[in-house]
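Here is the structure we will look at.
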Amino acid sequence: MSNAWYATPEAEFTRPNNTTAYAAGDVVGATAAAITFGSFSYPLPGRPVTIRAAELRIDASAVPSGMSFFTLHLYSVTPPSALADNAAFNLPSGDRASYLGSFVIGTPVDLGDTLYVRADGLNVDIDLAGSMLFGYLVTAAAWTPAAETTFSVKLHVMAV
């Protein structure tokens, strides 16, 4: 019998009601772009966990021209920088203490009414400061979004 603990925290957001083009390196999110992953309910905050995989789902029926891969930047608290949707990603000095690192999720593919990508084999080790995890989703290329598109980021996490 394994003593491993598993969780799949998910963050879902709807981007603003506009079609303002993103530049490479822009944050994608709701008006306040930081995303919050649900409670991990792991009994020992501060212990290391491993993100083994990540999924990105976009509720859209076609990949926008120019859309490329996404990077997820992780934080132990809500990022103090409070970047908005379409802001250029930056790691200012006030965010450094809570920054946990980043990884590439990949480029979504068209599955009909849904865009989807899953990154397996990540093995990203992080230390949770509490029972929550926060992040910024950042685009790698310039593209024009549809208004009010819903995005979902799901993490596959384990600890032993």
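The values are calculated or read from the model by the stated rules, or taken from the named source; none is laboratory data. Not measured: the values here are computed from a predicted model. Neighbour counts are summed over all protein chains in view; Cβ atoms, including those assigned to glycine, are modelled from backbone coordinates with ideal geometry. Ligands, DNA and RNA are stripped out before the accessible areas are found, and what is left, the full protein with its side chains, is counted by its heavy atoms. Shrake-Rupley method; radii C 1.70, N 1.55, O 1.52, S 1.80 Å.
See the values below:
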{"item": "Qualifying position, being open to solvent by 20 Å² or more (accessible area, probe 1.4 Å), outside any strand (DSSP E or B), touching a Gly at 6+ places or on another chain (Cβ under 7 Å) and at negative phi, among Ala97, Ala129, Ala147", "result": "Ala129"}
{"item": "Cβ-Cβ under 7 Å pairs, at least 6 apart or on other chains, region 18-29 side over 11 Å from Ala142 (Cα atoms), far side of a type in the set (D, E, K, R) and open to solvent by 20 Å² or more (accessible area, probe 1.4 Å)", "result": "Val27/Asp85; Val28/Asp85; Gly29/Asp85"}
{"item": "Count of residues meeting criterion [closer than 12 Å to Val27 by Cβ and either under 15 Å from the mean Cα position of the chain (by Cα) or open to solvent by less than 30 Å² (accessible area, probe 1.4 Å) (or both)] in region 54-81", "result": "5"}
{"item": "Residue check for Val124: touching a strand residue (DSSP E or B) at 6+ places or on another chain (Cβ under 8 Å), over 14 Å from Val27 (Cα atoms), among the aliphatic types (A, V, I, L, M) and not in a strand (DSSP E or B)", "result": "no"}
{"item": "Meets criteria (in contact with a Gly (Cβ under 6 Å, 6 or more places away or on another chain) and either at pLDDT 95 or above or not in a loop (DSSP other than H, G, I, E, B) (or both)) for Leu72", "result": "yes"}
{"item": "Criterion: in contact with a helix residue (DSSP H, G or I) (Cβ under 7 Å, 6 or more places away or on another chain) and either at pLDDT 95 or above or assigned to a loop (DSSP other than H, G, I, E, B) (or both) - qualifying residue of Val77, Val117, Val63", "result": "Val77"}
{"item": "Residue within region 37-53 that is exposed (fewer than 12 other Cβ atoms within 10 Å of the Cβ), part of a loop (DSSP other than H, G, I, E, B) and modelled with pLDDT of 95 or more present", "result": "no"}
{"item": "Of all residues in region 100-116 being under 14 Å from the mean Cα position of the chain (by Cα) and open to solvent by 30 Å² or more (accessible area, probe 1.4 Å), the one that is nearest to Glu148 (Cα to Cα)", "result": "Tyr116"}
{"item": "From the options Ala23, Ala7, Ala30, residue that is among the hydrophobic types (A, V, I, L, M, F, W, C), more than 13 Å from the chain's Cα centre (by Cα) and either open to solvent by 30 Å² or more (accessible area, probe 1.4 Å) or farther than 21 Å from Leu128 by Cβ (or both)", "result": "Ala23"}
{"item": "Tabulated pairs, region 103-117, first among the hydroxyl-bearing types (Ser, Thr, Tyr), second open to solvent by 40 Å² or more (accessible area, probe 1.4 Å) and in a loop (DSSP other than H, G, I, E, B), C-beta under 6 angstrom, 6+ apart or interchain", "result": "Thr107/Phe69"}
